[in-house]
Every structure is written in C-alpha cells, then in structure tokens.
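Working notes for the structure below.
The values are calculated or read from the model by the stated rules, or taken from the named source; none is laboratory data. No experiment lies behind these values; they were computed from the predicted model shown. Every residue, glycine among them, receives a Cβ derived from its backbone with ideal geometry; neighbour counts consider all protein chains shown.
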Ligand code: 26V
C-alpha cells in the first residue's frame, strides 16, 4: 500500500508524530486568511462556528490538488471506476475525518492552540450530514471512505437533501420530529458545479414515430422537466492516497420563475410548479423499511438515477467515441432497489438516445450493473403500482414490460411453468399489478449480493430462490464492514494509541495486525491500560448523559448499550422487558450482590411507525420509574439518549461494555453497529443473526453471549405457530415483567397505556420476544457473573478487539472490487 502513496501524503506527519513548526505556522496562517477573506470575520470576535468554517476551508485546500491528481491519473491510465448509486449517505461530520486521513490533526490542533482555540470545540460546531436513515446509508459512507483508501476510483451518486433525517426530541417520553436544517449555516465541504446540470423528465406520453429513413421508434414526450444540479464533496482516503467524489444532485425548476405564467399574472401557479420540482430534493424519506409506494419517492429515485447515468455517459463520451466499451470502464452498484429504475433508464438512454439495438443495450446494461440487497423483510421490498409507473415514467414502464417479456421467455426455455413464472415475473399480479423493483434490479445485474453469509443464504433459500435459479446463480455474499479510521482511530483515540503502542503503527494501515493483540489479553498490565482507556471513555459519556438528561451514571457499572433504529424486529422491547424483570428481581432481593448496570438506548423511530414510537415511550417511562427508585439506587439506571446520529454513536461506542444485537434470527441482514462495538472492546449479547454469526465465528463462543432461536428454528416456530401465552405462563419472570408493564407500574398517570402493547404480544408475537425471553435473560445473568470476574471480562474485551480486524470495510471493498466490479484495488 505504501508504494502508491503520492508525495503529498508523505509530507504529512503520521498520527502521533510531531508536526514541524513550519507546517503548523502555515496552517495557522491559512486559517487566519480564511477567517478574514472567506468568513469575513475578525480574530477578536470570531465565534466557534467561524473557526470551524475557517479550519474546514483551510483543510479543504489541502485536498484540492490531490483530488485533481487522483482524477487526472485515473483518466490517463484509463482505469475502470465504480459508481455507487445510493439514495442515502449517512456521513456525519467531516472535519476530523479529513484532518485524520490527511495526517493533519496535530498540525491543525497546534495551529488553533496558538490562537487560543480548541480543535475539539471547533469540530463540535459541525452539523452532521445525516443524509440517511441507518445501516444502509452508513454503509454507503463507510464504502466511500474505503474505496478512496484502497485506491479504487469511485463516484458516489445521491441526492443533496436540504433536510436530512429529522432531529429527535423526547418530551414527556414521546418522540417529536423536528426538521434538521444541516445546510442553514453553509457547508464548507461542497463545491456547487453550476455548469453540471442535466434535465430529468417526467410524465407525458410515448408515441410511435416513423423516422425519415422509414424505421419506427418510440418517442417519449415528457410532461415535465426538472434540472439536476451537481454538488461535489471530496472523499479523502486514508493517508490522502486518493480523493474520490461524492456527487449529490439538487433539483431545480427548469424555469425558476415560470416567467410565462408569472407574466400572465398567475404568480401562485408559477410558484407551485417550482415547488413541485424542487420538492424532489427537499427531504429524505425517514421511512426506513416502510412508507414505500409514494409518488414523490419514485420521483426522487428516478431523478437521481437519471442524472447519475447521464453524467456517467457524458464522462465516458468525453474519453471514448461511443458507449460500446462502457462496461469496461464503469461498474455501477445499486445500493438496494432504490436506484433500480436505473436499469430501464440506461436501456432508454442506450436505445432511444444513442441508437443501440435491444440486445447490445441489454448486454451493456447487465455488465454495468450489480445490486446489493439489504433486507428481506416483506414490507421493505419495494414495489410500484403499474398505473403510477405509467403516469410518472411511461417510457420506462414500456421498457420494463419488454425486459419482462424476454426474461419470462428465457425462464420458459429453462423449463419454468405457471407458479415459477409468476414468482420470477417483474410484475406482481397478486395485489393489483405492481413492479417488483428487487426483481428488476436482479435481472438487470450480473451480480447480486447479500450483506452477510446468513443473509445471502436466506436470499438463496427464500425471496430469490426461483429468480436465482432462472438467472444462473448470480447471488454472491459480501459481508459488510466498517471503516476503522472513523470507528476506531477517530472515535477512540485513546484505545488507538494503546494499540499503536502494543502493535506498532502498522496496525493503522493493516487491520489484520489486530490479531497480534491476542497475547496481550493475558498481560495484566496491558489489560489495566485497556481498562483505563475505557474508564475515560465511560466518564466522558457519563458527563454527556448528565448534561443532556440530568441523570447521574456510575462509570463503574456495566454500560449495556442498544443503539440503532427502533424497529420491532430489532427487539428493543425484549431488552426493555428484561430490564423490567431485572428491576423486579432486584427489588425482591435487595441484599444480593448485584452487578451495577446502566441500560443505554438510543435510536429514532419512523414518524409514522406508531408501535416503534410506543416502544420509545415505554423505554422512557421505565427509565423514569427505575431511575427514581432508591430501592435499586445506582445498581440499575436506564438512559434513553435522544437524537441518535453518527456523532452520538462516536461518543457512545468507545464507552460500551455490552453490545445488544438481539434481533429475531433471520431478520437483521447484517448489522454494522455490532462490528463497531466489538472493535472497541464491547462484548456482544446476541442472536445468531446477520453478521453476529460471523463475529461469533471469529471471536469464539467463549467471548460472546449467544442466545435464542436460530433462523431455522424461527422459521419452524412460525410454521407451527408460536404460543406466546404458553411461553409467558412458563416463565414467572416474564409474566411479572409483562404484568407490571400492562398494569401501569410505569405509567401511573395512564395505567392502560401499555395494555394494548402487552395484549398484542400475547396474541401475535411475530418477532418471538416471548420465545427468546428466557434464554436472553439467562445470558444476561451470565453477563453479570462474568462482570464480577474482571480479569475474565477484560480478557474477553481485548480478544474482541483482536479478532474483528476482518470487518474492516477495506476488506469488503477489495472483495467487491475483485468479484463484482472487476476493478483494481491496492
Ligand atoms: C427502505 C425504504 C422503503 C421506502 C422508504 C424509505 C426506505 C429507506 C430504506 C429502506 C431499506 C432499508 C434497508 C436497510 O437499511 N437495511 C440494513 O442495511 C444494513 C447495511 O447492509 C444492514 O447492516 C442492516 O442489517 C439492514 O437492516
């Protein structure tokens, strides 16, 4: 890897090295210049925000030359590149990432110190770029960073939402959503490319027309045109090896004032057409596996898929005479089905605009695209009603029928008959006619991947069995990963320094070196230093919780953490019910020697997901009662920390002792928080679901707390019917906890608040909370027993860090590069 370091990167000091005084002075001067000439501020009166913008702009200058060099070299060498199409990029903050990857953190720190300004305080001014809901969007952000770090030329393509994911406020225990205006104070990282605009068309109708040469073709007469304007953000790879581009599209009305209407005096009408166009990039859908089927969402999907493909084609044609070799030059990855409309869009561009015949166009399309599936939950599999599709994208609907006709012919030739044909068809005829976007993405791609070994197997065994058979086995696994730069080096500098001390600085470049930590797990003095780092992180989180919730935590307690979107399948309810059961037991046996525990929860619920919001309310209600009960005192506390986002994750993860990964087996495609927490030394309590299975294999069964039904057992239980009432009758602890919740112990002001929730669990426990409760609860007792043996606990914690190097997203990207994209990586 070091061979490919460009000279600029070598001139930067490595983490932990002392920057030279000249570099510090130059960086300080650059900040002062930005403050004066870009921000228009004065040193004496500069706000923390002013310092942030000035520092970010100074850092950005260090990126620009290398950025240009990356692009020039890729072009000159004719290298194939990746286009990662994603509706979501959940980035978080960029200052510490940029400085860290450029090796400029210490330089910037000293430059600011000399001005009496604290770098961390400055970094705290940056708004999170929350252009994503959860795992899928965060994975896209990790992949962007890793592609730059392993020297894969790449563009990320998405939408520049004006409002990212809502800010969550908890009032009276209830979630309230407030728009997150992340661009209000400006965004120093982006470059508006005012010259880079594409027209995206909607609606209208398609007419067959005869060309002058006698050939007939279909012509789409669109009813509406929206402009897509590009904004570019540089993506800095580790040690500045390579700088890639995140290109986000903003929607603009083609005629911003609608002058003709305006002049006719229809001022309101002129505004509304503009609003309709610009609504496309206004807001991120906060649905995460729900809320599918809305027209604005389809308009968003097509808007960014079309603009991105037009841009890909323009860039290709600036280097080559035609598009015949497109697939030799670009690989387009579809991040879930959200950009799947890109398949018929590329066909349209090739056939209608660039004159290709069907077969040649289809060959290029399939060779260009590949598709990642991120969930098998039926409610999250996107489908679009045919009549809506015909209205919004009439030409695409036509092309989808043609793709389907050929696909079904092929299936018939392979021997498929009725049942199989309807199962592989792109059109679902079972509840109205709907286009299955997963099928469309699958058929239009040469490779289709799942995101963990188990999930990929379930793709083969369930939703995609027939399609995979008919399409000649194109499913492959690419287990997710996380970027260690953000989730270890930056989030946990204390632990990172310790790792460098023990294993040498090469561990920063090569995560496999973490395996060298295994012998250190037996070294009491190393463990002591490891514990000291964790203790410092727990004190910092304790201060954050005190400031935000007014709740005092004991940093010596087990910090038991569940942080993720709130969803029934993720089973926050199982965690809360078990917490109530623990509370009941503590009150019944107050003199026992309890391991003190802090339950930390954080996560957002989709605004329309009532059950998830009720679970948030329950968590807060349970917290109020338990935290005020002197009978348990410091031995049990519950903290629901509001507004979970990337920055909050960076604060919680280094302080977590126990990582809750407790989804119903078979339903969490991978999980990536599980990797972040294990990397930072948390022990996992979890089901054999998603990537937990692979964490278990690597960490070893002695250092992880596995419980519950397996995916196969879940399937069997569902087939045979699960009797929740019987499970509750057989478990006095579970019954006690549910009775307390149902009878209003935690909602004395409204005793029936949770009666329906508990009744629902008894009548239809589809996520098998009652089935797994006893084994979960038993494992939680094992956790407490292990905590009482600190040597054993911390040995296990060190081994967790040691064994999860494989979950680096650099590894994931190298696998995609080799097996799916056919691009070179370092
Ligand atoms: C679906 C929809 C439906 C329409 C409204 C908006 C919306 C937004 C997102 C989604 C799909 C979300 C799927 C997802 O996030 N899956 C997660 O992907 C992670 C990365 O692969 C994985 O670790 C998680 O287990 C998986 O749940």
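Quick check: anything in segment 288-299 more than 26 Å from residue 816 (Cα to Cα), buried (at least 20 other Cβ atoms within 10 Å of the Cβ), in contact (Cβ under 8 Å) with a residue 40 or more places away in the chain and touching a helix residue (DSSP H, G or I) at 6+ places or on another chain (Cβ under 8 Å)? Yes: one or more hits. Considering the conditions (1) assigned to a loop (DSSP other than H, G, I, E, B); (2) within 16 Å of the ligand (Cβ to nearest atom); (3) over 19 Å from the mean Cα position of the chain (by Cα), residue 440 is excluded by exactly one of them, (1). The set of residues in segment 490-510 that are in a helix (DSSP H, G or I) and more than 20 Å from residue 96 (Cα to Cα) comprises 501, 502, 503, 506.
Inspect segment 169-185 for any residue being closer than 23 Å to residue 329 by Cα and within 28 Å of the chain's Cα centre (by Cα) and give the result as yes or no. Reasoning before the result, please.
Taking segment 169-185 and keeping what is closer than 23 Å to residue 329 by Cα, we get none.
Scanning segment 169-185 turns up no residue that is closer than 23 Å to residue 329 by Cα and within 28 Å of the chain's Cα centre (by Cα).
Among the residues of segment 681-693, those that are in contact (Cβ under 8 Å) with a residue 40 or more places away in the chain and surrounded by 21 or more Cβ atoms within 10 Å (Cβ to Cβ) comprise 681, 682, 683, 684, 685, 687, 689, 690, 691, 693. From the list 449, 477, the lone residue that is within 16 Å of the ligand (Cβ to nearest atom) and buried (at least 20 other Cβ atoms within 10 Å of the Cβ) is 449.
In the set (1) within 30 Å of residue 313 (Cβ to Cβ); (2) within 16 Å of the ligand (Cβ to nearest atom), residue 165 fails one condition alone, (1). Within segment 422-429, at least one residue is more than 22 Å from residue 370 (Cβ to Cβ), more than 16 Å from the ligand (Cβ to nearest atom), free of Cβ contacts under 8 Å to residues at least 24 places away in the same chain and over 24 Å from the mean Cα position of the chain (by Cα).
So in segment 209-236, with the set limited to residues that are in contact with a strand residue (DSSP E or B) (Cβ under 7 Å, 6 or more places away or on another chain) and assigned to a loop (DSSP other than H, G, I, E, B), which one is surrounded by the fewest Cβ atoms within 10 Å (Cβ to Cβ)?
We begin by selecting, within segment 209-236, every residue in contact with a strand residue (DSSP E or B) (Cβ under 7 Å, 6 or more places away or on another chain); these are 209-211, 216-236.
Within this subset, residues satisfying the condition of being assigned to a loop (DSSP other than H, G, I, E, B) are 211, 222-223.
Values: 211: 9, 222: 17, 223: 13.
If we take residues in segment 209-236 being in contact with a strand residue (DSSP E or B) (Cβ under 7 Å, 6 or more places away or on another chain) and assigned to a loop (DSSP other than H, G, I, E, B), then 211 is surrounded by the fewest Cβ atoms within 10 Å (Cβ to Cβ).
The single residue among 323, 309 that is more than 16 Å from the ligand (Cβ to nearest atom), at pLDDT 95 or above, part of a loop (DSSP other than H, G, I, E, B) and crowded, with 20+ Cβ neighbours inside 10 Å turns out to be 323. Here residue 121 does not fit the description of being under 24 Å from residue 50 (Cα atoms) and in a strand (DSSP E or B). Scanning segment 627-640 for residues that are more than 15 Å from residue 558 (Cβ to Cβ) and touching a residue at least 12 places away in the same chain (Cβ under 8 Å), we see that the one that is surrounded by the fewest Cβ atoms within 10 Å (Cβ to Cβ) is 631.
Name the residues in segment 51-61 that are without any contact (Cβ under 8 Å) to a residue 60 or more places away in the chain and surrounded by fewer than 21 Cβ atoms within 10 Å (Cβ to Cβ), would you? Hit for segment 51-61 is 61, nothing else. Only residues that are out of contact with any helix residue (DSSP H, G or I) (no Cβ under 6 Å at 6 or more places or on another chain) and away from the ligand (no atom under 15 Å from the Cβ) were counted in segment 637-650, giving 7.
In summary, residue 485 fulfils each of the numbered conditions (1) surrounded by 24 or more Cβ atoms within 10 Å (Cβ to Cβ); (2) assigned to a loop (DSSP other than H, G, I, E, B) with the single exception of condition (2). Only one of the numbered conditions (1) farther than 30 Å from residue 752 by Cβ; (2) away from the ligand (no atom under 15 Å from the Cβ) is violated by residue 622, and that is (1).
Which of the residues belonging to segment 701-729 are part of a loop (DSSP other than H, G, I, E, B), over 20 Å from residue 661 (Cα atoms) and in contact (Cβ under 8 Å) with a residue 40 or more places away in the chain? Spell out the reasoning first.
Start the filter on segment 701-729 by keeping residues that are part of a loop (DSSP other than H, G, I, E, B), which leaves 704, 707-710, 721-723.
With the extra rule that they be over 20 Å from residue 661 (Cα atoms), the set shrinks to 721-723.
Listed by number, the list holds a single entry, 722.
The set of residues from segment 88-118 being within 30 Å of residue 338 (Cβ to Cβ) and not in a helix (DSSP H, G or I) comprises 88, 89, 90, 91, 92, 93, 94. Screening residue 415 on (1) at positive phi; (2) within 16 Å of the ligand (Cβ to nearest atom) shows it passes everything except condition (2). Of all residues in segment 335-381, those that are more than 10 Å from the ligand (Cβ to nearest atom) and at pLDDT below 95 total 1.
Within segment 593-615, is even one residue within 16 Å of residue 738 (Cα to Cα) and in contact with a helix residue (DSSP H, G or I) (Cβ under 7 Å, 6 or more places away or on another chain)? Break it down stepwise before answering.
Pass one, segment 593-615, residues within 16 Å of residue 738 (Cα to Cα): 614-615.
Then keep just the ones that are in contact with a helix residue (DSSP H, G or I) (Cβ under 7 Å, 6 or more places away or on another chain); that gives 614-615.
Checking segment 593-615: at least one residue is within 16 Å of residue 738 (Cα to Cα) and in contact with a helix residue (DSSP H, G or I) (Cβ under 7 Å, 6 or more places away or on another chain).
Check every one of the helices (runs of 4 or more DSSP H) wholly within segment 364-425 and list those with 3 or more residues that are out of contact with any strand residue (DSSP E or B) (no Cβ under 8 Å at 6 or more places or on another chain) and crowded, with 21+ Cβ neighbours inside 10 Å.
Result: 394-413.
Based on what the data block shows, is residue 521 free of Cβ contacts under 8 Å to residues at least 60 places away in the same chain, buried (at least 17 other Cβ atoms within 10 Å of the Cβ) and under 17 Å from residue 681 (Cβ atoms)? So that I can check it myself, show each step before the final result.
Details: free of Cβ contacts under 8 Å to residues at least 60 places away in the same chain: no; buried (at least 17 other Cβ atoms within 10 Å of the Cβ): yes; under 17 Å from residue 681 (Cβ atoms): yes.
So residue 521 does not fit the description; no.
For segment 657-674, state whether one or more residues are under 19 Å from residue 496 (Cα atoms), more than 11 Å from the ligand (Cβ to nearest atom) and touching a residue at least 12 places away in the same chain (Cβ under 8 Å). Yes; the residues of segment 657-674 include at least one that is under 19 Å from residue 496 (Cα atoms), more than 11 Å from the ligand (Cβ to nearest atom) and touching a residue at least 12 places away in the same chain (Cβ under 8 Å).
Every listed requirement among (1) part of a strand (DSSP E or B); (2) surrounded by fewer than 21 Cβ atoms within 10 Å (Cβ to Cβ) is met by residue 590 save one, (1). Just the residues that are within 16 Å of the ligand (Cβ to nearest atom), in a loop (DSSP other than H, G, I, E, B) and either modelled with pLDDT under 80 or in contact with a helix residue (DSSP H, G or I) (Cβ under 8 Å, 6 or more places away or on another chain) (or both), please, taken from segment 245-286. The one that is within 16 Å of the ligand (Cβ to nearest atom), in a loop (DSSP other than H, G, I, E, B) and either modelled with pLDDT under 80 or in contact with a helix residue (DSSP H, G or I) (Cβ under 8 Å, 6 or more places away or on another chain) (or both): 285. Of the residues screened, residue 108 is one that is over 18 Å from the mean Cα position of the chain (by Cα), away from the ligand (no atom under 15 Å from the Cβ), buried (at least 24 other Cβ atoms within 10 Å of the Cβ) and over 26 Å from residue 372 (Cα atoms).
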